Amino acid sequence: MKYFRLIWKNAWRKKIRTSLTILSVFVAFLLFALLSAIGFAFRGGVDVADAERLIVIDKISLINPIPISYLNRIAATEGVEFVTHASWFGGYYQEPRNQFGQFPVNPQTYFNMYPEFNMPAEQFEAFKSNRSGAVVGQELADTYGWKIGDRIPIQATIWTKADGGRTWEFDLEGIFSTDDPRGSTALMLFQYDYFEEARAFAKGTVGWYILRVAKGADPVRVANAIDLQFANSPNETKTSTEAAFAQSFTKQFGNIALIVTLILGAVFFTLLLVSGNTMSQSVRERIPELAVLKTLGFGDRGMLGIVLAESILIMLMGGLLGLGVGWVLVQGIAKGMAAFLPGVYLSPAAIAGGVAMMIGAGILAGIFPALTAMRLSIIDALARA
Amino acid sequence: MSEILARLEGVSRIYQKGKERVEVLHELDLQIPKGDFIAIMGPSGSGKTTLLNLLGGLDKPTAGTVTVGGAELSSMSNNQLSHWRSTNIGFIFQFYNLLPVLTALRNVELPLLLTDFSSKERVKRASIALDIVGLADRAKHYPRELSGGQEQRVAIARAIVSDPSLLLCDEPTGDLDRETADEILRLLQVLNREHGKTIVMVTHDAQAADFANRSLHCDKGTLEAKEAA
Ligand SMILES: Nc1ncnc2c1ncn2[C@@H]1O[C@H](COP(=O)(O)OP(=O)(O)OP(=O)(O)O)[C@@H](O)[C@H]1O
Ligand SMILES: [Mg+2]
């Protein structure tokens, strides 16, 4: 740290040049922050998946319903702690573009399954005791300005009611949030019993089951046992971890991830060229000064360190600024896009990765100038001075 | 003045430029007693800077040995030499070679960064060195805000701040007017007489050489004592 002043002053030797370099680093890392936050949404919760939760779906297709009668048989399977289920409702609020996830569930078991969702106890009780009650996540409540007690009409796109109606009305009884900053709460849950009774067709089925593996049980064996149980039945099942399930859901976005990677790759390649060039120019200009430092007794490691640290410092200044501004923007984007693209989130892993990239880029941009400084011949350099 | 601080024995320095061999120093012997102030004069290209570089551990002889303060320089690695220089040698150059981005005080502090002194201690020592060269009031000035003579004083403060026994000066007044040059030379004299620094100074200026205890003449690879005028 005692070298910090020297490194800092060297970095700011040419203010305009340094500012421009920092600006380009800033832009690169701002882009990095935005793209990784959006990429996170596309990976769709793969990272938040709980390894102890398994999802049971129809073997042929996710959209094929499975009989509700499976519930008890799954629950009775060895290694299963408890089971809940959900179904895809697929409606919209007021206008078709207002789409978000709506799921008929069993309130008690569903919330047991997802302890990361928090809701005041009295709201939860109200939800359980109102057949046409619903709860929504904070994100959704914020998006549409819903308050407890509101009556929310949802237009069905699949599930017409037995009476022919397509409008399902729910009483908003509760608003839940999540402890996990990565988890999205842009969803609406309502009572399966009400859904089951009122829908016109496919009665006696659910969309999928979610189960918790008992402590100590092997999730793979539990999954196999369940699928074996329903083999050769009209509804064969496919049981997988929550992560694998989320992944199969979002495979279609694989290309987006690739494009994001390519864009970032191009940006960082350019960044390396720009900052590497700046660093070598900056070192070339002060060869005599570096020779003086060597004369004074700065050793190989000192010379290498001083130049590398300067390069890393410049990257960190621009990069942290970029991530910081990116973080603020991501908060806004996450709010604004909660309904269409839930889970826009700048994860700690992405931030750590970004900082690692700053240091890595700093080393790459600075290593050749630093080696030049280290290998400098004092005599030649001073003779030139 | 009997104790020998630096000793050159049979020192040759040969530069190989392609096929051409240039023997800059030829089997040179030299003893520098502790507390001496030597001026080295000689025509351009005669090897004066080369000699200083050898004494300061910046260069290694092609043959012979260089011993300074008991250390045999030719047997040391580059990193050992770096470390050794930081505490044993003070360099003063013709063009001062201050870092333009640092203030006078911070320039003087530079050699102390290589020590374990606390930040407070470093500043204290650098301030004392600046005080010795008479520039305590310019501590916060940048080199561009100083005159040539003042810059050279700062460079001298930097050279003495880690209290080395040997100061090597390569034409320290070569870029200064007569009056300023004399001030610098008087300062070197003070450092020699009152602070016990051994000084080897290369100069083209006979008047500058008069400030030293004795003069040596460097030519065609050898050194000769010059009779005092
Ligand atoms: N790195 C080098 N490679 C080849 N030859 C060199 C090198 N450094 C110095 N020389 C040669 O060695 C000779 C002595 O150089 P040196 O710098 O010691 O002279 P000097 O006496 O200090 O001269 P000046 O008074 O001009 O400073 C010169 O002929 C020079 O060309
Ligand atoms: Mg010279």
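All of the numbers you see were taken from the coordinates with simple rules; none came from a lab. Model, not experiment: these values are computed from the prediction. When we count neighbours, we look across all protein chains shown, and the Cβ atoms used for this are built from the backbone with ideal geometry, even at glycine.
Details
- Karplus-based coupling profile of segment A:7-21, in residue order and whole Hz: 5, 4, 5, 4, 4, 9, 4, 10, 4, 5, 4, 5, 4, 5, 5, with θ = phi - 60° in 6.51 cos²θ - 1.76 cosθ + 1.60 and x standing for Gly or Pro.
- Interchain or long-range residues, amide H under 5 Å from B:Phe37's placed H: B:Ile199, B:Asn213, B:Arg214
- Computed over segment A:79-233, relative contact order equals 35 percent, with contacts defined as Cα pairs under 8 Å that lie 6+ residues apart.
- Rounded if a/c under 1.5, otherwise prolate or oblate - segment B:128-212, Cα gyration tensor axes: oblate
- Among beta bridges that DSSP assigns inside segment A:48-253, antiparallel share in %, nearest 5: 75 percent
- Each residue of segment A:225-234 was assigned a 3J(HN,Hα) from its phi angle through the Karplus curve 6.51 cos²θ - 1.76 cosθ + 1.60 (θ = phi - 60°); the sequence is 4, 5, 5, 5, 4, 9, 4, 6, 9, x Hz, with glycine and proline shown as x.
- The Cβ shell under 13 Å around A:Gly91 holds other residues with a net charge of +2, Lys and Arg each +1, Asp and Glu each -1.
- The DSSP beta bridges internal to chain A are antiparallel in roughly 75% of cases.
- Neighbourhood net charge (12 Å Cβ-Cβ; Lys/Arg +1, Asp/Glu -1) for B:Leu8: -2
- The trypsin sites (Lys or Arg not before Pro) of segment A:181-236 meeting both criteria, a DSSP state outside H, G, I, E and B (loop) and at most 13 other C-beta atoms within 10 angstrom of the site's C-beta, are A:Lys203, A:Lys215.
- Net charge of the neighbourhood of B:Ser162, taken over other residues with C-beta under 14 Å away and scored Lys/Arg +1, Asp/Glu -1, is +2.
- Taking trypsin sites (Lys or Arg not before Pro) as exposed when DSSP calls them loop and at most 16 other C-beta atoms lie within 10 angstrom, chain B has its longest site-free stretch at B:35-139.
- Prolate/oblate/rounded label for segment B:46-93 (Cα gyration tensor, a/c 1.5): oblate
- Summed over qualifying helices (DSSP H, 4 residues or more, each -39500 (n - 2.57)) and divided by its residue number, chain A shows a 222 nm mean residue ellipticity of -17500 deg cm²/dmol.
- Other-chain or far-sequence residues with amide H under 5 Å of A:Glu81's (modelled H): A:Arg212, A:Val213, A:Ala214
- Angle of helix B:178-193 to the longest C-alpha principal axis of chain B, folded into 0 to 90 degrees and rounded to 10: 80°.
- Within segment A:128-178, the trypsin sites (Lys or Arg not before Pro) that combine a DSSP coil assignment with at most 16 other C-beta atoms in a 10 angstrom radius are A:Arg131, A:Lys147, A:Arg166.
- Interchain or long-range residues, amide H under 5 Å from A:Gly90's placed H: A:Gln102
- Net dipole in debye of the protein assembly as shown [+1 Lys, Arg Cβ; -1 Asp, Glu Cβ; about Cα centre; nearest 20]: 760 debye
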